[in-house]
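To start, the structure under review is shown below, and the notes come after it.
The values are calculated or read from the model by the stated rules, or taken from the named source; none is laboratory data. If you're wondering where the values come from, they're calculated on a predicted model, not measured in any experiment. Because the Cβ atoms are built from the backbone with ideal geometry, glycine has one as well, and the counts that use them run over all protein chains shown. Side chains are part of the model used for accessible areas, which takes the heavy atoms of the whole protein and leaves out ligands, DNA and RNA. Shrake-Rupley method; radii C 1.70, N 1.55, O 1.52, S 1.80 Å.
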Amino acid sequence: MRIVRNLVGLLGFLLLWEVVVRAGLVDQNDLPPPTVVFARLGELLGDAEFLRDVIASVLAWAIAMVISIVIAVPAGLLLGSIGWLREATKAIVEFLRPIPSVALIPLVLIVVGGGPESKITLAVYAAVWPILFNTVYALSEMDPLLTETARTYGTPKSRILTSVALPHAAPFVFTGIRMSAAISLILVISTEFLAGAKLGIGQFILEASSGENRMDLVLAGTVVAGVLGFLVNEGLERLGRRLFSWSNADEGATA
């Protein structure tokens, strides 16, 4: 029923958009109606060059997410379980976290170059924080009795982290991953657009918006980015409900 309600809302929005443009309230060159945009989108889906752009963005996003998880989960477990380490790194973490990733584009272009590495680096930087903080938050909410019981039975600290702390933190970590997935996709496409990548949805939108000012192509590319974001979030949300139906991690999630 939720999907039906979403579709009804989307259809209503598209109908309103079509009526406003066809009625002449907005110049069609500035805002093409959805029938034109979706017709152009249908043509693009059969265009091998555009599909390469989509694959390039999705691949960069997937690599960035894997790297983010590999960095953020172990770091979150360490910061969440070792008090002195959390205090020692608090200042640098709170200094780095508010810095917008797009503000780092010039620096990243100089350090790692303008290839796919730059968009992956910026996406990783943005995606690490929600996973890291949700992992730390999960450990702060863990019942001390669990770790005390494990220590009583002589379980090593490393084993407590992997067999006690990590399973407890898993729903919160997964919520962080879901939040990071959308952020990472935004950063990949934004970097392609702002830094002028060779391939990617952002690069396609940049090219379409310059020169002949093809807003139909710009909006078609934007629709593809939106659909990718929706599918990623919907897929992860369904997976999270199936894996962690017993948890209320979403309510306690932090970023």
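Some values worked out for this structure:
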quantity	calculated
Selection within segment 40-58 - open to solvent by 40 Å² or more (accessible area, probe 1.4 Å) and either more than 19 Å from F204 (Cβ to Cβ) or in contact (Cβ under 8 Å) with a residue 40 or more places away in the chain (or both)	R40, R52, V58
Test: residue in segment 238-255 that is open to solvent by 50 Å² or more (accessible area, probe 1.4 Å), farther than 20 Å from A75 by Cα, under 13 Å from the mean Cα position of the chain (by Cα) and free of Cβ contacts under 8 Å to residues at least 12 places away in the same chain	no
Residue match in segment 74-88 (condition: open to solvent by 30 Å² or more (accessible area, probe 1.4 Å), at pLDDT 90 or above and closer than 30 Å to G200 by Cα)	no
Flag if A138 is under 30 Å from S163 (Cα atoms), modelled with pLDDT of 90 or more and small (G, A, S)	no
Residue, surrounded by the most Cβ atoms within 10 Å (Cβ to Cβ), within segment 133-158, restricted to residues that are among the polar types (S, T, N, Q) and over 14 Å from I82 (Cα atoms)	N134
Test set (1) assigned to a helix (DSSP H, G or I); (2) touching a residue at least 60 places away in the same chain (Cβ under 8 Å) - K198 fails condition number	(1)
Filtered residues of segment 18-35 (kept if of a type outside the set (S, T, Y), open to solvent by 40 Å² or more (accessible area, probe 1.4 Å) and at negative phi)	V19, V20, R22, A23, L25, V26, D27, Q28, N29, D30, L31
